[in-house]
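The structure under discussion appears below in the form of structure tokens.
The values are calculated or read from the model by the stated rules, or taken from the named source; none is laboratory data. Note that this is a predicted model, so its numbers are computed, not measured. Heads up, the Cβs are rebuilt from the backbone with ideal geometry, glycines too, and the neighbour counts pull from every protein chain shown.
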Amino acid sequence: MNIIETTGLGKRYGRTWALKNCTLAIPGGHVVALVGPNGAGKSTLLNMAMGLANPTAGRVTVLGGVPAGSPAALDRVAFVAQDAPLYKNLPVTDMLRVARYLNVRWDSELALARLDRLGIAPRKKVGALSGGQKAQLALTIALARRPDLLVLDEPLAALDPLARHDFMQSVLSEVAAEGISVVLSSHVVAELEQVADYLVVLGHGTVLVSGEVSTLTASHGAGLEKLVLGYLREGSTEVAA
């Protein structure tokens, strides 16, 4: 099952194409690194895959052919944007209550148990949490929806190195426990090198390469970061299966 599949997908803002002629099939069961420089089209692709933006051209489906943004897709997909939509004036427990009412699928026990393990006090206001704790709260809300696909758009951008490490370990732990497919976007490849087993590189609004990390690194004889830099430098349109 492909968790995200696109055919000729494009998005234009005015005269500028943020993403153009994107044809991609990402198989399930992976932690996917979606990488590329700022402005490469990563957020544009994810926003269309989540149904938050309409394509100018082409089509996109998720979870084996479900139309992006449809009720069937929204019930099975969890999305955490870089600026997580958390209400700073609410206590953590009230933030969870709001999320529970907004979602059809919700596991209160999972959310409370996870925050307890992380030492995040339920009565503390969201605005008083550290950057790492806010990221963990946003991740907890996403996981409590019991998704089949978890999409994280630049989740590490505002975190310090220790918080980044803790966040990524949390993601890996949940993937191992629940078997969730994950797509992580970032413009810093080193952050994802130790966790991702599938790679998609975007550059200039198009797909430069996609494939399993082990296959790509073996065939090119290079580590992930060097491999990505090479594709970005060359602007190659080769797509690896």
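Looking only at the stretch 187-205, count every residue that is farther than 22 Å from ALA158 by Cβ, within 18 Å of the chain's Cα centre (by Cα) and surrounded by fewer than 19 Cβ atoms within 10 Å (Cβ to Cβ) and tell me the total. Let's see the steps before the verdict.
Filtering the stretch 187-205 for residues farther than 22 Å from ALA158 by Cβ gives 197-201, 203-205.
Of the ones still in play, those that are also within 18 Å of the chain's Cα centre (by Cα) are 197-201, 203, 205.
From what's left, surrounded by fewer than 19 Cβ atoms within 10 Å (Cβ to Cβ): 197.
Here the count works out to 1.
Against the conditions (1) modelled with pLDDT of 90 or more; (2) farther than 21 Å from LYS125 by Cα; (3) buried (at least 19 other Cβ atoms within 10 Å of the Cβ); (4) not aliphatic (A, V, I, L, M), where does THR140 fall short? Just the number, please.
For THR140, the failing item is (2).
Looking only at the stretch 53-76, which residues are of a type outside the set (Val, Ile, Thr) and either more than 20 Å from PRO27 (Cβ to Cβ) or surrounded by fewer than 13 Cβ atoms within 10 Å (Cβ to Cβ) (or both)?
Answer for the stretch 53-76, where residues must be of a type outside the set (Val, Ile, Thr) and either more than 20 Å from PRO27 (Cβ to Cβ) or surrounded by fewer than 13 Cβ atoms within 10 Å (Cβ to Cβ) (or both): ALA53, ASN54, PRO55, ALA57, GLY64, GLY65, GLY69, SER70, PRO71, ALA72, LEU74, ASP75.
How many residues does the stretch 174-202 contain that are at pLDDT below 85 and not in a loop (DSSP other than H, G, I, E, B)?
Total meeting the criteria: 9.
Among the residues of the stretch 121-131, write down those that are surrounded by fewer than 19 Cβ atoms within 10 Å (Cβ to Cβ) and either part of a helix (DSSP H, G or I) or β-branched (Val, Ile, Thr) (or both).
Of everything in the stretch 121-131, those that are surrounded by fewer than 19 Cβ atoms within 10 Å (Cβ to Cβ) and either part of a helix (DSSP H, G or I) or β-branched (Val, Ile, Thr) (or both) turn out to be GLY127, ALA128, GLY131.
Based on what the data block shows, is ILE26 of a type outside the set (D, E, K, R), modelled with pLDDT of 95 or more and touching a His at 6+ places or on another chain (Cβ under 9 Å)?
So ILE26 does not fit the description; no.
Which of the following residues is aliphatic (A, V, I, L, M) and more than 16 Å from the chain's Cα centre (by Cα): LEU150, LEU137, LEU208, LEU184?
That would be LEU208, the only listed residue that is aliphatic (A, V, I, L, M) and more than 16 Å from the chain's Cα centre (by Cα).
Could you list, ordered by first residue, the pairs with Cβ atoms under 8 Å in which the first is in the stretch 166-190 and in contact (Cβ under 8 Å) with a residue 12 or more places away in the chain and under 15 Å from ALA78 (Cβ atoms) and the second is small (Gly, Ala, Ser) and surrounded by fewer than 16 Cβ atoms within 10 Å (Cβ to Cβ), at least 6 apart or interchain?
Between residues of the stretch 166-190 that are in contact (Cβ under 8 Å) with a residue 12 or more places away in the chain and under 15 Å from ALA78 (Cβ atoms) and residues that are small (Gly, Ala, Ser) and surrounded by fewer than 16 Cβ atoms within 10 Å (Cβ to Cβ), the close pairs are GLY179/GLY29; SER181/GLY29.
Based on what the data block shows, is SER214 farther than 23 Å from ARG105 by Cα, in a helix (DSSP H, G or I), at pLDDT below 80 and of a type in the set (Gly, Ala, Ser)?
It is false that SER214 is farther than 23 Å from ARG105 by Cα, in a helix (DSSP H, G or I), at pLDDT below 80 and of a type in the set (Gly, Ala, Ser).
Consider LEU34 carefully, then state whether it is under 21 Å from LEU172 (Cα atoms), surrounded by 20 or more Cβ atoms within 10 Å (Cβ to Cβ) and within 19 Å of the chain's Cα centre (by Cα).
It is true that LEU34 is under 21 Å from LEU172 (Cα atoms), surrounded by 20 or more Cβ atoms within 10 Å (Cβ to Cβ) and within 19 Å of the chain's Cα centre (by Cα).
Please count how many residues of the stretch 143-173 are in contact with a strand residue (DSSP E or B) (Cβ under 8 Å, 6 or more places away or on another chain) and modelled with pLDDT of 85 or more.
Of the residues in that region, 10 qualify.
Checking the condition crowded, with 18+ Cβ neighbours inside 10 Å and in a loop (DSSP other than H, G, I, E, B), which residue from LEU86, LEU96, LEU115 passes?
Exactly one of LEU86, LEU96, LEU115 is crowded, with 18+ Cβ neighbours inside 10 Å and in a loop (DSSP other than H, G, I, E, B), namely LEU86.
Under 7 Å between Cβ atoms, at least 6 apart or on separate chains: pull out the pairs that start in the stretch 57-79 with a residue that is within 21 Å of LEU139 (Cα to Cα) and end on any residue that is among the β-branched types (Val, Ile, Thr) and exposed (fewer than 15 other Cβ atoms within 10 Å of the Cβ).
Within 7 Å, the pairs are ASP75/VAL104.
For the stretch 15-31, indicate whether the set of residues that are among the aliphatic types (A, V, I, L, M), more than 23 Å from HIS204 (Cα to Cα) and surrounded by 20 or more Cβ atoms within 10 Å (Cβ to Cβ) is non-empty.
Checked the stretch 15-31: at least one residue is among the aliphatic types (A, V, I, L, M), more than 23 Å from HIS204 (Cα to Cα) and surrounded by 20 or more Cβ atoms within 10 Å (Cβ to Cβ).
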